[in-house]
Amino acid sequence: MRIPVIAGNWKLFKKQADAAALVAALVPLVKDTVGVEIVVAPVFTSLAAVREKIVGTNVKLSAQNCYWEEEGAFTGEIAPGMLADAGCSHVIIGHSERRQFFGESDATVNKKITAALSAGLVVLFCIGETLAEREADRTFDVLRTQVTGGLSGIPLSALASIVIAYEPVWAIGTGKTASDAQAQEAHAFIRSLVVELYDQHSADAIRILYGGSVKPDNVKGLMSQTDIDGALVGGASLKADSFAAIVNFAK
């Protein structure tokens, strides 16, 4: 039984006071939710403020990125162990905005995943095709390259700490959402890749999230699909009521 994950990626929003207020408003709305793993990912500077508000609750803390070294002369970077020390249980790696705007490659994503797992973090591993790639009928080729590259050298024993997030780049922040059928097709293909790389049991167990303009009014359709195990939510996670509605999709 795959426990659904609903994760809110706050991106470059919410200073400390606003982040604390947001999660303080969220906690009572989801305190009775069971059978769903709830994760929020504020900016680095708001991690401590959010952590303070979620201690003892069912909401978990994620960072949005990390580096692959634990220490050294790497000005401006954050090590996975530092995130764990700050109270994070999760970290987002390979988000399309990191790939698009900051030059991240499958190779650097792989190094970050390896380092994050070594620090005991759960990795939200993001993949997804651009609109041009989808229109060129290259979606599966892109997903195969990203999954294979990102998981290169990752042992079977570590898969339990990896959650894959499929985010078609053309649906992120655009208001466009992949249809339920489009999303299911991609998720089923991703799961088949895990079978190829590892085994059927591992593929059956790994959780694959959908991301890309997920909202309260479309989450139920997405979550009804066989291979969709949750959502990585952007804009709708910036308001407590809308994110709570997504978390409580089954109610």
Checklist entry - In deg cm²/dmol, rounded to 500, what helix-only [θ] at 222 nm does the chain give when every DSSP H run of at least 4 residues adds -39500 (n - 2.57) and the total is split over its residues? => result -12000 deg cm²/dmol
Checklist entry - Which part of region 32-46 falls in the paramagnetic zone of Ala17, meaning amide N under 16 Å from the point 7 Å along Cα-to-beta-carbon? => result 46
Next on the checklist: Take Asn58 and Leu29, extend 7 Å from each Cα along the Cα→Cβ direction, and tell me the distance between the two endpoints in nm.
Outcome noted: 1.5
Checklist outcome for this item: One finds the C-alpha centres of region 30-49 and region 60-112 to be spaced, in Å, by 18
Checklist outcome for this item: The answer for the net charge of residues other than Met223 whose Cβ lies under 14 angstrom from its Cβ, with Lys and Arg +1 and Asp and Glu -1, is 0
Item to check | region 196-216 and region 140-176: distance between their alpha carbon centers, rounded to Å | outcome: 9
Checklist entry - Quick one: if you stick a label point 7 Å off each Cα along the C-beta vector at Asp85 and Phe189, how many nm between them? => result 4.2
Checklist outcome for this item: Computed Rg/Rh for region 141-216 (Cα atoms; Rh = Kirkwood radius) stands at 0.99
Next on the checklist: Test of understanding: what is the full-extension gain from Ser157 to Ser224, defined as 0.36 nm times their sequence separation minus their Cα-Cα distance?
Outcome noted: 21.2 nm
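Each value in this text was obtained by applying a stated rule to the coordinates, not by laboratory testing. Source: prediction; values computed, not measured. Here the Cβ is made from the backbone with ideal geometry for all residues, glycine too, and neighbour counts use every protein chain on show.
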